[in-house]
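Taken together, the values in this text are just the output of simple stated rules run on the coordinates, not laboratory data. These numbers were taken from a predicted model, which means no experiment stands behind them. Because the Cβ atoms are built from the backbone with ideal geometry, glycine has one as well, and the counts that use them run over all protein chains shown.
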Amino acid sequence: MASEERPAARKPYLVGGAEFAALYDVKRLQVSQWISRDHTLDYRYAKIISGSPYWLLQFARQFGETTPRPRQLNETELARLVKEQSPGYWVGEVEQLPPLAGQAELVALFQLPSGALLRKAMGTGRLRPADYTLSGSPIWLLEPVVEDAPALQAGARGVEWAINEKVLAALRDGSYDGPGARIVPRGRAAGKSTK
């Protein structure tokens, strides 16, 4: 990272499982197999957001060179992801990421009774558009959402949209351990811990 100061519009380059698969021209299931069966991929270079892993694009683009059987990177897909997320910046370590939040984290942050209210606010434009849509899931930079909280609160009917200061502090300092902070295994993997 060249600079510690970043304009609010800039975001770190990330990929979810679907984008990771597209970078290597494989099905998304293959990415899961790299984690669970082959153990060639792990969550060290991923941030868990709303129960799903999102890897640093810096890591993902070099992944194919580190596998026992080298894999060819799809340069066209890489360029598409960079263009889609621009203006952005490269991050080499998960700890360098700014605070990020998905739907589960925002539900906890605003103390909402369900994700339905959050989705309604998204659908009506009351909640700012997500900064990313990766693997079909919205992700926001935390600070702009927090800055918008007074407007959300002013337009609220029946729900306060009050910020839980403990959740906010934990999201900011990277210690958040609430809903969405862990991957919840499904199927046969449900008996095994993934993080």
Once Lys and Arg are counted +1 and Asp and Glu -1 for all other residues with Cβ under 12 Å from that of Val159, the total becomes +2
Given backbone amide H placed at 1.01 Å from N, residues whose amide H is under 5 Å from that of Arg182, ignoring those fewer than 5 places away on the same chain, are Gly51
Max mean-square fluctuation residue, GNM over the chain, Cα-Cα springs under 10 Å, options Trp55, Trp34, Trp140: Trp34
Give the percent of DSSP beta bridges with both residues in the chain that are antiparallel, rounded to the nearest 5. 85 percent
